[in-house]
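The values are calculated or read from the model by the stated rules, or taken from the named source; none is laboratory data. Model, not experiment: these values are computed from the prediction. Because the Cβ atoms are built from the backbone with ideal geometry, glycine has one as well, and the counts that use them run over all protein chains shown. What goes into the accessible areas is simple: the full protein's heavy atoms, side chains included, and nothing from ligands, DNA or RNA. Shrake-Rupley method; radii C 1.70, N 1.55, O 1.52, S 1.80 Å.
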Amino acid sequence: VLKINAPRLLADLEALGAIGAASEGGVSRPAMSAADLQARAWFRLRVEEAGLQFHQDGAGNTSAVLPAAEATARTLLAGSHLDTVPQGGRYDGALGVLAALEALRTVQEAGVALPVHLEAISFTDEEGALLDMLGSRAVAAQLAPADLARPRGGLEDFQAGLGRLGITPDSVLAARRDPASLLAYLELHVEQGSRLEEAGTGIGVVTSVVGIRSAWLRFEGRAAHAGTTPMDRRADALLGASAFVQRARQLVLDRFAPGVVNCGQMRVLPGAFNIVPGRVELALEYRHGSEAEMDAMEAALLGLAAEAAAAHGLVLAQTPASRARAAPMSAQVMSAVEAAADRLSLSHRRMMSFAGHDAQWLSTVAPSGMLFVPSVGGISHNPQEFTRPEDVVNGANVLLYTLLELASSQGTTTRD
Ligand SMILES: [Zn+2]
């Protein structure tokens, strides 16, 4: 039975975790920082040491490639990201890249000839230090020149960072891949939550990366003297807004589980002890795994807000703030992950990803899938982030077997 080299993978994780290591035990490797460059150089060395081909594309994505005999074969991609948030953990992103590299080494050493190019890829700036998910968006042709002109990390720092990687805005835009050249994309990642640990399940099979919408809701009432205005003559904007907050939670639990809603901020105006609130501005955000459910959630939440406003004599207005589409994963890739877990006698369950990942962008150009392994205590984006060695190894073996399964189904994979 083919298995990845567990000690080698764990040693790689350990060695990479020392690059950008912080005193608290965590890691700081923001994209294009000195530590990120050091991690890239370290990765390149591992790739060349293994006798695999090393590539860097115009978006600074770095890859190990195990080519097929036929140059015209399609590419089966697996990976994640080597960058981290400041004071982040050792597993977020790193696990997916190193497990993919280990899968390539295992296939190569076993002398297994596959009808596809196998590529282990690390995408640039997943965490968005300078431009959120730059690498995967570039590959998926989901970046416009305007995005590159207004990076969230500031234009000057962004341009300096591109220079350190030896790339330019033009080369980033040119990094798009022809969807016809891609067989599939697979990403192993730590769950960053506690659902797997609590259920005692080894492998999470991701059904979709959730969509996220946010809006400002404005409840407009009438500011009034807090002493002389009779209680029954008030149009108190805070009463209406808080009635909505109380009921939105139950609405989502009852009708949209496992979707989530959050009211993250309320501005009460004019805002004084002795003035009945005349206006409340409320920051509303909600997430779900399908666009149809997102549409239904939007209608239900706005309906509820209108009801709460009317019941308190208020007028409701809303301004959309942001919108990220839900990214369903490929049914074929999900089945392949489940077959691989079954073959290795590992328990698995389907689940949504409530955090963003490179796979959400890859899913627009290739059948894509993700698998999760348990995060101890659900802790992530924190130096305490930890995944047990046996779960690391199990996840990497499921990744390997899923890649073998997808490679052998080559030619029948369809976009869905
Ligand atoms: Zn990540």
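For beta carbons closer than 7 Å, sequence separation of 6+ or different chains, a first residue in the stretch 10-32 that is farther than 9 Å from Gly88 by Cα and a second that is surrounded by fewer than 18 Cβ atoms within 10 Å (Cβ to Cβ) and among the charged types (D, E, K, R), the qualifying pairs are Met32/Arg164. Restricting the stretch 67-88 to residues that are buried (at least 24 other Cβ atoms within 10 Å of the Cβ) and in a strand (DSSP E or B), the residue that is nearest to the ligand (Cβ to nearest atom) is Ser80. Per the conditions (1) touching a residue at least 12 places away in the same chain (Cβ under 8 Å); (2) surrounded by fewer than 15 Cβ atoms within 10 Å (Cβ to Cβ), the sole criterion not satisfied by Arg234 is (2).
Scanning the stretch 67-84 for residues that are among the charged types (D, E, K, R) and touching a residue at least 60 places away in the same chain (Cβ under 8 Å) returns a single hit, Arg74. Looking at the stretch 310-416, the strands (runs of 3 or more DSSP E) lying wholly inside it that each contain 1 or more residues that are away from the ligand (no atom under 16 Å from the Cβ) and either more than 29 Å from Ser28 (Cα to Cα) or open to solvent by 30 Å² or more (accessible area, probe 1.4 Å) (or both) sit at 315-324, 348-353.
Let's see how each residue does on (1) in a loop (DSSP other than H, G, I, E, B); (2) within 17 Å of the chain's Cα centre (by Cα); (3) free of Cβ contacts under 8 Å to residues at least 12 places away in the same chain:
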{"site": "Ala113", "(1), (2), (3)": "yes, no, no"}
{"site": "Ala120", "(1), (2), (3)": "no, no, no"}
{"site": "Glu126", "(1), (2), (3)": "yes, yes, no"}
{"site": "Ala146", "(1), (2), (3)": "no, no, yes"}
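Scanning the stretch 53-66 for residues that are outside any strand (DSSP E or B), touching a Gly at 6+ places or on another chain (Cβ under 9 Å) and open to solvent by less than 30 Å² (accessible area, probe 1.4 Å) yields Ala59, Gly60, Asn61.
Of Gln159, Gln142, Gln108, all but one fail to be away from the ligand (no atom under 16 Å from the Cβ), touching a Phe, Trp or Tyr at 6+ places or on another chain (Cβ under 9 Å) and open to solvent by 10 Å² or more (accessible area, probe 1.4 Å); the exception is Gln142.
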